[in-house]
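Read-outs throughout are calculated quantities, based only on the coordinates presented, and are distinct from any laboratory measurement. As the structure is a computational prediction, the values presented were derived from the model and not from experiment. Quick reminder, even Gly has a Cβ in these numbers, built from the backbone with ideal geometry, and neighbours come from all protein chains shown.
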Amino acid sequence: MSDNNYPRHVAIIMDGNGRWAKKRGLPRALGHRQGGEAVRRVVKAAENLGLECLTLYAFSSENWKREEEEISDLMGLMRRFIEANLKDMIERRVRLRIIGDYKAFAPDIVEKLEDALEQTKHGQRTLAVALNYGAQQEIAHAARLAAEEGSIDSETISRHLYTTDLPPLDLLIRTSGEVRLSNFLLWQSAYAEMLFLDVLWPDFGEDDLRQACEIFVTRERRYGGR
Ligand code: IPE
Ligand code: IPE
Ligand code: MG
């Protein structure tokens, strides 16, 4: 995939786990579990497609508003996901990055995440996971640091975002038919292409990611020029 127009960095708002479960008369927790399987598939697909960076929105800073039971299901899923996938990530040379204030999670999760960050740090391709992430908070934080440096300009703010060392965002996908950003990568989306798909996240697979990248290739990016 050495096509010049091929995306380097794709981000996904993984939405629709609850509706997937509801459609089948299953508890939301099962929707999240199937969502975890979709994550596994899509990380592999990103590798097959040669993407440099895949960023996944897994837990927003607003998702704390959900019921305690659902939050606890999501946390359990996160624990199991790291345990089940870390070895594979190291072998496949995937570098984990976390964007968001993950230190607000339970101490054992923070420990597992930091261990995974350390063990994958030499990986060649990046999987960035947004955990307790909110774009407005990210921008406010970056602006504060820029102010301390004495230059509140877009270059300095960009440098203080979580994504500073990631390739520029090319394509932002949201599943489940909702057409909004829900506080995700607001700054980074300035010139990203966007794709809103009806597929629910647990049904998303390699073909969906490939098709999305093919659609991206047909888009004409202008960046304000002609
Ligand atoms: C996305 O699925 C997963 C998270 C936000 C953690 P949802 O749980 O938002 O599913 P819907 O939107 O209720 O279908
Ligand atoms: C966005 O989905 C957050 C994640 C996918 C992690 P939500 O389901 O939380 O977004 P809203 O509430 O529909 O905007
Ligand atoms: Mg949702």
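Can you return the aspartates and glutamates within cross-link range of Lys44? Criterion is Cα-Cα under 16 Å, with same-chain partners fewer than 8 residues away left out.
Glu52, Asp88, Glu91, Asp203, Glu206, Asp207, Asp208
Using only alpha carbons, build the gyration tensor for the chain and give me the equivalent ellipsoid semi-axes, biggest first, whole Å.
Output for the chain: semi-axes of 26, 22, 19 Å.
Enter the Cα centre distance for the pair the stretch 39-54 and the stretch 73-102, rounded to the nearest angstrom.
14 Å
In terms of modelled amide H atoms, which long-range or inter-chain residues lie less than 5 Å from the amide H of Ser61?
Amide H neighbours of Ser61: Tyr133, Gly134.
Would you grab the residues whose amide H sits under 5 Å from the one on Arg97? Only those 5+ places off in sequence or on another chain, please, with H modelled 1.01 Å from N.
Under 5 Å from the amide H of Arg97: Leu127, Ala128, Val129.
At 0.36 nm per residue, minus the direct Cα-Cα distance, what do Glu148 and Ile215 gain on full extension? Give it in nm, one decimal, please.
My answer for the length gained is 20.0 nm.
Order of Phe184, Phe81 from fewest to most other C-beta atoms within 10 Å?
Neighbour counts put them in this order, fewest first: Phe81, Phe184.
Note down the relative contact order for the stretch 123-226 as a percent, whole number, built from C-alpha pairs under 8 angstrom at least six residues apart.
Dividing the mean separation by the residue count of the stretch 123-226 yields 24 percent.
What size of dipole, in debye to the nearest 20, comes out for the stretch 58-177 about its Cα centre when the only charges are +1 on Lys and Arg C-beta atoms and -1 on Asp and Glu C-beta atoms?
440 debye
Mind listing the phi-derived Karplus ³J(HN,Hα) values for the stretch 173-187, rounded to whole Hz, using 6.51, -1.76 and 1.60 with θ = phi - 60°, and x for any glycine or proline?
Result, ordered by residue: 10, 10, 8, 5, x, 6, 10, 7, 9, 6, 6, 10, 6, 5, 5 Hz.
Work out the charge dipole of the chain with +1 on the Cβ of Lys and Arg and -1 on the Cβ of Asp and Glu about the Cα centre, then indicate which of Gly16, Ala130, Ser182 is farthest towards its positive end.
Toward the positive end, the furthest listed residue is Gly16.
Ranked by Cβ crowding within 10 angstrom, fewest neighbours first, how are Arg226, Arg40 ordered?
Fewest-to-most ranking of Arg226, Arg40: Arg226, Arg40.
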